[in-house]
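Each value in this text was obtained by applying a stated rule to the coordinates, not by laboratory testing. Being a predicted model, the structure only gives us computed values, none of them experimental. Glycine gets a Cβ as well: all are built from the backbone with ideal geometry, and neighbour counts include every protein chain shown.
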Amino acid sequence: MIAIIDYGMGNLRSVERALTHVGAAEVRVTDDPTVIEAADRVVFPGQGAVRDCMSALHRYELVDVLGRVMRDRPFLGICMGMQALMSRSEENDGVQALGYFDGTVRHFRHLTGGDPQLKIPHMGWNRLEQTRPHPLFAGIEPGTRFYFVHSYYVEPADASIIQGRSDYGAPFAAAIGADNVFATQFHPEKSQAPGLRLLENFLAWDGEPCS
Amino acid sequence: MGVARRIIPCLDINAGRVVKGVQFVDIRDAGDPVEIARRYDRAGADELTFLDITASHEQRDTLVHTVEAVASEVFIPLTVGGGIRSVADVRRMLNAGADKVSINTAAIHDPDLVSEAAARFGSQCIVVAVDAKRRGGTDDDPRWEVFTHGGRHPTGLDAIDWAQRMAEAGAGELLVTSMDRDGTRTGFDNALNRAISEQAGVPLIASGGVGNLQHLVDGVIEGRADAVLAASIFHFGEYTIAEAKICMAEAGIEVR
């Protein structure tokens, strides 16, 4: 069973439908820690801003169970579900996030330098440079475009967790991962065939970083 | 290197059916939103917009089912507009599977709706549609006014100011339609789009007036649009999405 964590942030049905489409047998959209704990795989989606995300996770009392399942089973963060894995966000003078990875979530103006051609949110299909091989990239051509929509980006302290980069004014971390945890800034569930392939790879993934 | 300019076919939906017909070769049902969405997805459309033109309130519920059916089969971003009047309407469409909801008239009657919806669901899913007509100014310094009801009702609002205000209120994207150009096939109002694009800071979808592929190119280069929306040139099979992308790429525009 795959648990999609529901904490009231964004369009979770798309993720559910996409996983079902690529062959997931049982998908549960849930805010129940018991169900999340019982899942073989966990997807942590989300949209919006980290501050709202963190307060929702606390309100739904999901922080503890997230910490547990991130340690021992295939785990996929999507968009804000990636940002929330970092230690902090600079938003609103600093918000503590989950701290699974050391690093900061920053506003895009740091990257675009106020260039009026580079609109914020960064919205649309951008190229993903695969910085290292990963089972979730199997069958996906380097440089393939994925669909992004976000105003903040992740700056990890340890660049070795960066699995993929995109460029918007400057390169930024578009996919990160270590051990059994993988996370994308883009939306695989909205990225047509390549996105579906990544989700299919996630279903087949044993949680080891490299095959 | 950067984000690709998007091509967005727009489908008018009435009581759950695509109206004005979509004429693909060998399509089984020219009014079936799911089949048409699937075709456009396969053809390389970057996103789809459904505009609900259903007149009766009762039939609006069918749109929810349409969105659900499409979102179960097509995995590209889906924007739904038309008749969105409340935060509850926004929520209903997002739950049905829309990625973005376009708010038009309701934003004018209740500007707080945009900020409330953006605070609740995030700016990334709130599109504000601005229907504008050239009104006054000079050729060197034109002015545009916001209209509602398909260009029939003037609002007294300056389109550039209004667009900026909506971006500040939390709109993550602006869908700008020139009511002067809509249906004319003479190209976008690029001066209008450029003025808003340079002012508002959020992505802009240009709409209204596309008659050929060069108009799409002009929309991006002259109008500074981040995405171009068109209906009839694609629906009637005059051009394919692939041809549009080749034409844009040849003009130096990044496409997917």
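Determine, at each q value in 0.13, 0.16, 0.17, 0.26 (inverse angstroms), the log₁₀ of I(q)/I(0) that the Debye formula gives when each Cα of segment A:8-91 is one equal point scatterer.
-0.40, -0.61, -0.69, -1.57
Using a 7 Å offset from the Cα along the Cα-to-Cβ direction at both B:His109 and A:Arg59, what is the distance between the two label points in nm, to one decimal?
Each label point is offset 7 Å from its Cα along the Cβ direction, giving 2.8 nm.
Which percent of the Cα-Cα distances in segment B:6-250 go past 34 Å?
Values: 2896 of 29890 pairs.
The proportion of pairs with Cα distances above 34 Å equals 10 percent.
Residues in segment A:142-185, backbone N under 13 Å from the label point at A:Gln117 (7 Å along the Cα-to-beta-carbon vector): list them, ranges by number please.
Residues A:168-170 qualify, since their backbone N sits under 13 Å from the label point.
Output ³J(HN,Hα) for segment B:40-50: one whole-Hz value per residue in order, computed from phi by the Karplus curve 6.51 cos²θ - 1.76 cosθ + 1.60 with θ = phi - 60°, and x for Gly and Pro.
Once rounded to whole Hz, the list reads 5, 4, 5, 6, x, 4, 7, 5, 10, 10, 9.
Measuring from label point to label point, each 7 Å out along Cα→Cβ, what is the B:Asp141 to B:Ala43 span in nm?
Those two pseudo-labels are separated by 4.4 nm.
For the pair A:Asp40 and A:Glu208, what calculated FRET efficiency results from E = 1/(1 + (r/R0)^6), where r is the Cβ-Cβ distance and R0 = 25 Å, to the nearest 0.05?
On the way: r = 15 Å, r/R0 = 0.59.
Between A:Glu208 and A:Asp40 the formula returns 0.95.
What's the FRET efficiency of B:Glu73 with A:Ala157 using the Cβ-Cβ distance as r and R₀ = 41 Å, to the nearest 0.05? Present the calculation step by step, with values, prior to reporting the outcome.
Numbers: r = 41 Å, r/R0 = 1.00.
Once rounded, the FRET efficiency stands at 0.50.
Between B:Glu198 and B:Val87, take the C-beta separation as r, use R0 = 22 Å, and let me know the FRET efficiency to the nearest 0.05. Don't jump to the answer; show the numbers that get you there.
Values: r = 31 Å, r/R0 = 1.39.
For R0 = 22 Å, the calculated efficiency reads 0.10.
Scan around B:Asp32 for amide H atoms under 5 Å from its own, H built in the peptide plane at 1.01 Å from N, and keep only partners 5 or more places away or cross-chain.
B:Val18
Kirkwood hydrodynamic radius for the protein assembly as shown: how many Å is it when counted over pairs of different Cα atoms? Could the numbers behind the result be given before it?
On the way: mean 1/r = 0.0447 Å⁻¹.
Every distinct Cα pair counted, the radius reaches 22.3 Å.
Would you calculate the separation in nanometres between label points at B:Thr186 and B:Ala249, each defined as 7 Å from the Cα along the Cα-to-beta-carbon direction?
3.3
Pick from A:Met70, A:Met123, A:Met86: which is most flexible by mean-square fluctuation in a GNM of chain A where alpha carbon atoms under 10 Å apart are linked?
Top of the fluctuation ranking is A:Met123.
Can you give the average number of partner chain beta-carbon atoms within 10 Å of each beta-carbon in peptide B:76-82, as a whole number? The partial results should precede the final answer.
Numbers: counts 8, 10, 3, 0, 0, 0, 0.
Across B:76-82, the average partner-chain Cβ count within 10 Å equals 3.
Given segment A:2-204 reduced to its alpha-carbon atoms as identical point scatterers, what log10 I(q)/I(0) does the Debye formula return at q = 0.11 Å⁻¹?
After summing over all Cα pairs, the log10 values are -0.44.
Using the alpha carbon gyration tensor of segment B:44-182, what are the three equivalent-ellipsoid semi-axes (square root of 5 times each eigenvalue), largest first, in whole Å?
Numbers: eigenvalues 143, 49, 43 Å².
Result for segment B:44-182: semi-axes of 27, 16, 15 Å.
Most mobile of A:Asn126, A:Asn201, A:Asn11 per a Gaussian network model of chain A (Cα springs, under 10 Å)?
Answer for the Gaussian network model of chain A: A:Asn11.
Averaged over its residues, how many other protein chain Cβ atoms are within 10 Å of peptide A:113-124's Cβ atoms?
Counting other chains' Cβ atoms within 10 Å and averaging over A:113-124 gives 6.
When only Cα pairs under 8 Å and 6 or more residues apart are kept, what is the percent relative contact order across segment B:6-250? Kindly include the intermediate steps, with their values, before the conclusion.
Values: 519 pairs, mean separation 40.5, N = 245.
Over segment B:6-250, the number comes to 17 percent.
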